[in-house]
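The values are calculated or read from the model by the stated rules, or taken from the named source; none is laboratory data. Not measured: the values here are computed from a predicted model. With ideal geometry, Cβ positions are generated from the backbone for all residues, glycine too; neighbour counts draw on all protein chains shown. In case anyone asks, the SASA skips ligands and DNA or RNA and just uses the protein heavy atoms, side chains included. Shrake-Rupley method; radii C 1.70, N 1.55, O 1.52, S 1.80 Å.
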Amino acid sequence: MTEGGVVVGPDGLARCPWGISTDDYVEYHDTEWGVPVHGDDALFERLCLEAFQSGLSWITILRRREGFRAAFDGFAIAKVAEYDDADVERLLADTGIIRNRAKILACIANAKTAQDLPGGLDKLIWSHAPNPKPRRKAPRTVADVPAVTPESEALAKDLRKKGFKFVGPTTAYAMMQACGLVDDHLAACHARRMPR
């Protein structure tokens with residue numbers, strides 16, 4: 001049943017329409033998406049996964065996330081920054097991940113950049129969180145959710161300026177949504193965390 005842009009599931013909970021299409025999405029929508037994420041390695045993982053998602057469906061990445069974590073040493077920046085050509089070949093042969101050479105090389109390069117980042121990745125990313133006042137109105141429908149914002153454009157520009165790769169404003173905004181810098185759960189969604 002659809003109501004106010006959300007879909008009410010068999011459990012009686014109203015969710016964003018994308019968050020009810022599969023069991024994987026229900027779990028991710030209800031427990032992770034939009035929840036604030038902190039820590040350099042945790043944010044590095046999200047940045048890499050959003051880059052790997054580029055051109056693909058998020059469900060493809062979500063279902064391979066454990067494979068990515070195993071292949072990339074839990075996305076520990078210090079470990080990934082040390083990867084060499086042998087690691088690239090190992091990753092290209094790993095069927096548990098998306099085997100795209102450009103994205104793999106970007107992930108490794110981004111680890112090296114993150115490792116040398118003054119203040120760390122957490123500080124840089126969260127410095128681009130939208131100012132809470134005035135608060136943006138909660139989206140009522142999926143059509144109200146932007147793909148890009150001035151903050152995501154600024155974050156992407158800042159990341160690229162510092163040497164990060166595969167981070168455009170759309171990828172940056174998807175990461176901002178996933179990591180809780182913004183809350184784009186629809187206004188009637190049970191998982192919305194910010195006041196309406």
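Taking every residue in the range 150-169 that is open to solvent by 80 Å² or more (accessible area, probe 1.4 Å) and pairing it with any residue that is at pLDDT below 95 and not β-branched (V, I, T), at least 6 positions away or on another chain, the pairs with Cβ-Cβ distances below 8 Å are F166/S54.
When the test is whether a residue is hydrophobic (A, V, I, L, M, F, W, C) and assigned to a helix (DSSP H, G or I), A138 does not pass it. Restricting attention to the range 27-49 and to residues that are in contact with a Leu (Cβ under 9 Å, 6 or more places away or on another chain) and aromatic (F, W, Y), the residue that is nearest to D122 (Cα to Cα) turns out to be F44.
Just to be sure I understand, how many residues within the range 78-91 are in a helix (DSSP H, G or I) and open to solvent by 20 Å² or more (accessible area, probe 1.4 Å)?
7
If the condition is being farther than 22 Å from D40 by Cα and either among the small types (G, A, S) or open to solvent by less than 60 Å² (accessible area, probe 1.4 Å) (or both), then the range 92-116 contributes L92, A93, D94, G96, I98, N100, A102. Within the range 170-196, being in a helix (DSSP H, G or I) and open to solvent by 30 Å² or more (accessible area, probe 1.4 Å) holds for one residue alone: T170.
One residue stands out in the range 124-149 among those that are among the hydroxyl-bearing types (S, T, Y) and within 23 Å of C16 (Cβ to Cβ): the one that is surrounded by the fewest Cβ atoms within 10 Å (Cβ to Cβ), namely T141.
Can G5 be described as touching a Cys at 6+ places or on another chain (Cβ under 9 Å), crowded, with 18+ Cβ neighbours inside 10 Å and over 14 Å from A178 (Cα atoms)? Yes: the conditions hold for G5. The residue of the range 8-26 that is most open to solvent (accessible area, probe 1.4 Å), among those that are touching a residue at least 40 places away in the same chain (Cβ under 8 Å), under 30 Å from D122 (Cβ atoms) and part of a helix (DSSP H, G or I), is W18. Beta carbons closer than 7 Å, at least 6 apart along the sequence or on distinct chains, pair a first residue in the range 49-77 that is assigned to a helix (DSSP H, G or I) with a second that is among the polar types (S, T, N, Q) for E50/T171; A51/T171; I59/T22; I61/Q53; I77/Q115.
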